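Undergrad: To start, I am sharing the structure in question, which I have written as structure tokens.
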Amino acid sequence: MFDDFDSFDDGDGFGDVDSGDFVKFGTLTELKQKKSLNRKIIGKWVSVFLDENMEPYALEMSCKHQGANLAEGKISNNVVTCPRHFWQYDIRTGKAITEYSPNLRKHAIRIREDDLYVSIRPVMR
Ligand code: FES
């Protein structure tokens, strides 16, 4: 189930919730009720998905092909399939499964009690 990520750096290079690197994105309760949570962070749409272990992951929301909304895609085996032309991405890493696609930008996540926070900037790789 959900770990409390708030009190440590999980290797993504960001600090804790109070570091100024994060915005409140929603709640875990909401996320469990829906397929994804979606909102704009500094003008870019970001989606949070749950993997098969119920761990949340945040990725840019637009497909690298023609910008379709990946939050409307099908998720199976931790892979989201774009609803428009079926390019695929690993929801835990943003890595493209479709070989000619660039990877999606991934954002860091922190959890404090039921609140879910997403990094303002993507994780540098
Ligand atoms: S817009 Fe996603 S595969 Fe074409």
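Nothing in this text is a laboratory measurement; each read-out follows from the coordinates by a stated rule. Everything numeric here is computed off the predicted structure, so don't read it as measured data. Cβ sites come from the backbone with ideal geometry, for glycine too, and all protein chains shown count toward neighbours.
Undergrad: Using the Karplus equation 6.51 cos²θ - 1.76 cosθ + 1.60 (θ = phi - 60°), what ³J(HN,Hα) coupling, rounded to whole Hz, does each residue of the stretch 96-101 give in order, writing x for Gly and Pro?
TA: For the stretch 96-101, the Karplus-derived couplings read 6, 8, 5, 5, 8, 9 Hz, x marking Gly and Pro.
Undergrad: Now for a separate question. Return MET124, MET61 ranked ascending by Cβ neighbour count within 10 Å, so the fewest neighbours appear first. Intermediate values should be presented prior to the final figure.
TA: Values: MET124 8, MET61 22.
In order of increasing Cβ crowding within 10 Å: MET124, MET61.
Undergrad: If each of ASP115 and ARG84 carries a label point 7 Å out from its Cα toward its Cβ, how far apart are those two points in nm?
TA: 3.5
Undergrad: With a cap of 15 neighbouring Cβ atoms within 10 Å, and only residues DSSP puts in a loop, list the GluC sites (Glu not before Pro) found in the stretch 8-91. Don't skip to the answer; put the middle values down first.
TA: On the way: sites: GLU30, GLU52, GLU60, GLU72; in loops: GLU52.
Those satisfying the criteria are GLU52.
Undergrad: With label points built 7 Å along Cα→Cβ from the Cα atoms of ASP51 and ARG39, find their separation and express it in nm.
TA: Label at ASP51, label at ARG39, 2.4 nm between them.
Undergrad: Divide by every residue of the chain the summed helix terms, -39500 (n - 2.57) for each DSSP H run of at least 4, and state the resulting mean residue ellipticity at 222 nm, rounded to the nearest 500 deg cm²/dmol. Present the calculation step by step, with values, prior to reporting the outcome.
TA: Details: 1 runs with 6 residues, N = 125.
So the helix-based figure for the chain works out to -1000 deg cm²/dmol.
Undergrad: With labels modelled as points extended 7 Å from the Cα through the Cβ direction, what inter-label distance (nm, one decimal) is found for ASP16 paired with GLU30?
TA: 2.4
Undergrad: Note down, for the chain, the three equivalent ellipsoid semi-axes (square root of 5 times each alpha carbon gyration tensor eigenvalue), biggest first, whole angstrom.
TA: 23, 15, 13
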